[in-house]
1. Determine the alpha carbon to alpha carbon distance for each of Lys89/Lys238; Lys204/Lys246; Lys210/Lys246; Lys210/Lys251; Lys178/Lys251; Lys178/Lys238 and list only those over 26 Å.
2. May I ask for the percentage of alpha-carbon pairs in region 205-255 that lie more than 12 Å from each other?
3. How much accessible area does Val90 have with a 1.4 Å probe, in Å² rounded to the nearest 10?
4. Give the ranking of Asp143, Asp148, Asp256 by solvent-accessible surface, highest area first, calculated with a 1.4 Å probe.
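The values are calculated or read from the model by the stated rules, or taken from the named source; none is laboratory data. The model shown is predicted, which means the values in this text are computed figures rather than measured ones. With ligands, DNA and RNA removed, areas are computed over all heavy atoms of the protein, side chains included. Shrake-Rupley method; radii C 1.70, N 1.55, O 1.52, S 1.80 Å.
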Amino acid sequence: MKKYFSAFIIIFAVIFCFVGVASSPTNYKTMYEKLLKDYNSLKTQYDKLKKENANLQAKVNELSKKVATSPVYEYQRDIILNGVTLKYKVPFLNYKGMRFVHLDSIMYCFFNKNITPWKIKDNQKALVIGPDLGPNGGIFLTDLPLSDYKAVKDSWGDQGRYGINQDVVTLLGKTYRKNIWWDAYQYSYWDSNNNKRFTFVQYKLNGDYKKLKMTLGLDDDSEVGASGKFTIYLDGEKRYEIEIAKGEKGKEVSLDVVGCNTLKIEFFANPANYNCMIYPFVGDAVLYK
């Protein structure tokens, strides 16, 4: 009997536990279903993020390839010449394993001065370093940079009449190809102050030349009666002076410029030229070394 009673007690305990679990506040089936739902939701988000990450990685790889083949700019690199670091710095460009430098900069490296002109001539399929050659191996003055000027309106550009190397300058019908011309007088600027009648152009020669040849005159567009005086200064010293008038043949000038650093060509409009347009010019000026 004792044996059957023990078995009854065990069966009752099992039934009690089962009923207790079934009736307890915690429903494990509901919890499982909720967790499964959350898992599926997270898995969907993960798959979406994984796909987006793959797309982004593909874009990164594409951009990395572009970056690898794109130019790399390096600015403000020093130039060391014969062991001395120059004040002048140049921009470099790296492209596909090769290093490039702008022509303006490399010209400075070659000549150690920043005045040498260069140009690409398509008709010759060539890079031309230095100025165009003039007669007998000289170089044209207009291939040097203009270092200073004074036109009627104090503007070498939009407001004043001017020109450098334009095939529009003529004297007695002859056209000059390499010229400098400017506006020397306008009525609104005419007064008793002689300083208003002075105009000029100036160039730096840097002592590099021995002789200068040129033609001085008044362009055919100058009005009848126009006249004035050309004065040429070398390093501030007057070296040449000549009167000239509209309709006169151009004055051929040859000057010794050995050791000279600056060239100033000045024009003074004649005070008698009341309300008279005057256009002086320097035609085909050539420097020789």
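1. Cα-Cα > 26 Å for Lys89/Lys238; Lys204/Lys246; Lys210/Lys246; rest within.
2. The answer is 68 percent, as a whole percent.
3. The accessible area comes out at roughly 0 Å².
4. Asp256, Asp148, Asp143
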